[in-house]
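The next block holds one structure in the form of structure tokens; read it before the comments.
The values are calculated or read from the model by the stated rules, or taken from the named source; none is laboratory data. In this text the structure is predicted, and so the values were computed from the model without any measurement. Methodologically, a virtual Cβ is constructed for each residue, glycine included, from the backbone with ideal geometry; neighbour enumeration extends over all protein chains shown.
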């Protein structure tokens with residue numbers, strides 16, 4: 001069973017349906033006990049970093065999420081769910097993230113509003129040849145340069161470059177995917193990325 005974490009800030013049903021189409025059994029839940037019982041975890045999210053952390057603590061989900069990751073369960077963070085794995089965000093200075101990965105989230109800033117923020121729409125992902133990329137199974141069969149669907153104003157900046165799985169160009173080359181052991185995360189929305197995104201979710205179901 002795959003637990004889709006419900007903390008009131010994600011497109012949960014579309015993620016659940018996409019996982020089921022990909023061949024998995026998925027349950028949307030905000031119950032900490034379900035996280036302990038599940039085989040895998042998907043952590044989707046939209047909205048503000050600080051508010052999300054507040055809800056995770058209120059629902060007593062932060063601890064079980066970190067425990068599940070430490071236990072080696074396959075974990076996939078999507079969009080805000082990726083950003084929350086890190087230590088902090090420029091969106092809400094002073095608010096600690098889950099601190100599973102070292103680094104922060106930063107806001108896109110372009111001189112003279114050269115590019116729109118949020119970054120929204122289809123853009124391609126470029127595979128990194130680093131150690132983290134070589135260890136990933138989620139991009140099996142995914143061609144380099146594949147297009148995915150993005151909606152975000154912040155991007156993650158990991159301290160450890162080896163966790164970088166994919167990058168994407170939008171004014172700068174930003175990190176659009178990470179991988180470290182059993183931890184995976186994408187800034188794009190695979191559930192909205194048609195066949196290629198579904199292929200990534202199939203790979204996660206098979207991990």
Residue identified as surrounded by 18 or more Cβ atoms within 10 Å (Cβ to Cβ) and either at pLDDT 95 or above or touching a helix residue (DSSP H, G or I) at 6+ places or on another chain (Cβ under 7 Å) (or both) among 102, 157, 202, 96: 202
Residue ID - farthest from residue 188 (Cα to Cα), chosen from residues in region 18-44 that are in contact (Cβ under 8 Å) with a residue 40 or more places away in the chain and part of a helix (DSSP H, G or I): 21
Subset of region 7-18 [in contact with a strand residue (DSSP E or B) (Cβ under 6 Å, 6 or more places away or on another chain) and crowded, with 23+ Cβ neighbours inside 10 Å]: 15
Pair list, Cβ under 6 Å, 6 or more apart: region 114-143 residue without any contact (Cβ under 8 Å) to a residue 60 or more places away in the chain, other residue surrounded by 12 or more Cβ atoms within 10 Å (Cβ to Cβ) and assigned to a helix (DSSP H, G or I): 127/133; 130/162; 131/162; 132/162; 132/163
Of all residues in region 105-117 being in a strand (DSSP E or B) and surrounded by 15 or more Cβ atoms within 10 Å (Cβ to Cβ), the one that is nearest to the chain's Cα centre (by Cα): 105
Residue 85 being buried (at least 17 other Cβ atoms within 10 Å of the Cβ), out of contact with any strand residue (DSSP E or B) (no Cβ under 6 Å at 6 or more places or on another chain), at pLDDT 95 or above and within 20 Å of residue 51 (Cα to Cα): no
Filter result for residue 169 (under 20 Å from residue 121 (Cα atoms) and in a helix (DSSP H, G or I)): no
Filter pass, residue 205 being outside any strand (DSSP E or B), touching a residue at least 24 places away in the same chain (Cβ under 8 Å) and closer than 27 Å to residue 39 by Cβ: yes
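So, in region 118-134, how many residues would count as being surrounded by 14 or more Cβ atoms within 10 Å (Cβ to Cβ) and either within 29 Å of residue 206 (Cα to Cα) or modelled with pLDDT under 95 (or both)? Before the answer, list the steps.
Pass one, region 118-134, residues surrounded by 14 or more Cβ atoms within 10 Å (Cβ to Cβ): 119, 123-128, 130-133.
After this cut, where a residue has to be either within 29 Å of residue 206 (Cα to Cα) or modelled with pLDDT under 95 (or both) as well, the list is 123-128, 130-133.
Residues meeting the conditions: 10.
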In region 45-90, the residues that are in a strand (DSSP E or B) and either in contact with a helix residue (DSSP H, G or I) (Cβ under 6 Å, 6 or more places away or on another chain) or under 12 Å from residue 35 (Cβ atoms) (or both): 75, 76, 89
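From the list 4, 21, which residue is in contact with a strand residue (DSSP E or B) (Cβ under 9 Å, 6 or more places away or on another chain), modelled with pLDDT of 95 or more and within 25 Å of residue 150 (Cα to Cα)?
When all the criteria are applied, what remains is 4.
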